[in-house]
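Engineer: To start, I am sharing the structure in question, which I have written as structure tokens.
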Amino acid sequence: MKRSLQLNPDNRPATWEQIKRWRDTHEIAPVATSFGVFDCDERSDARMAGSIEQFDNLPTLQEGKLTWKRADNTYVALTKAELEQVYAEVKTNRAARGAVLHVKAEQFWQTNPAPTPAQLSDLSFWLEE
């Protein structure tokens, strides 16, 4: 009987497709703001922008505040100005992280051997200096 040693796929060097997939996944991961950690995927972005635009007309508005769910499923009551601040921080932090991830993806691809999928799955690995 012939035996062969096979590496766990998570321990093999990542392909370019895997690197791009993890880059894109981390780009929309929740971001920290001064009001807590908030989701920042496309749907969450659209929901927050729409809520700011229609703030005074929202049926869930209570005493000038809107209750908003954070990424950890806790809630915070925000005024329109506070929600605008959260949205600005989310956009800024997401853009900054996206710029880093874009550069790191190319650096990872140029590295021989490339990082493993297991390493790429950890956002902190991407953000190391």
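Engineer: Looking only at helices (runs of 4 or more DSSP H) that fall completely inside the range 31-129, which ones have 3 or more residues that are open to solvent by 70 Å² or more (accessible area, probe 1.4 Å)?
Structural biologist: 42-53, 80-110
Engineer: Take Lys20 and tell me if it is farther than 21 Å from Phe125 by Cα, of a type in the set (Lys, Arg) and not in a strand (DSSP E or B).
Structural biologist: no
Engineer: Here's a follow-up. What is the number of the single condition among (1) under 30 Å from Ala14 (Cβ atoms); (2) at pLDDT 95 or above that Lys65 does not meet?
Structural biologist: The single condition Lys65 does not satisfy is (1).
Engineer: Also, quick follow-up: For the range 121-128, does any single residue satisfy the condition of being under 30 Å from Asn8 (Cα atoms), without any contact (Cβ under 8 Å) to a residue 12 or more places away in the chain and touching a helix residue (DSSP H, G or I) at 6+ places or on another chain (Cβ under 7 Å)?
Structural biologist: yes
The values are calculated or read from the model by the stated rules, or taken from the named source; none is laboratory data. Keep in mind that this is a model prediction, so the values were computed, not measured. Cβ sites come from the backbone with ideal geometry, for glycine too, and all protein chains shown count toward neighbours. Areas reflect the complete protein model, heavy atoms only, side chains present, ligands, DNA and RNA absent. Shrake-Rupley method; radii C 1.70, N 1.55, O 1.52, S 1.80 Å.
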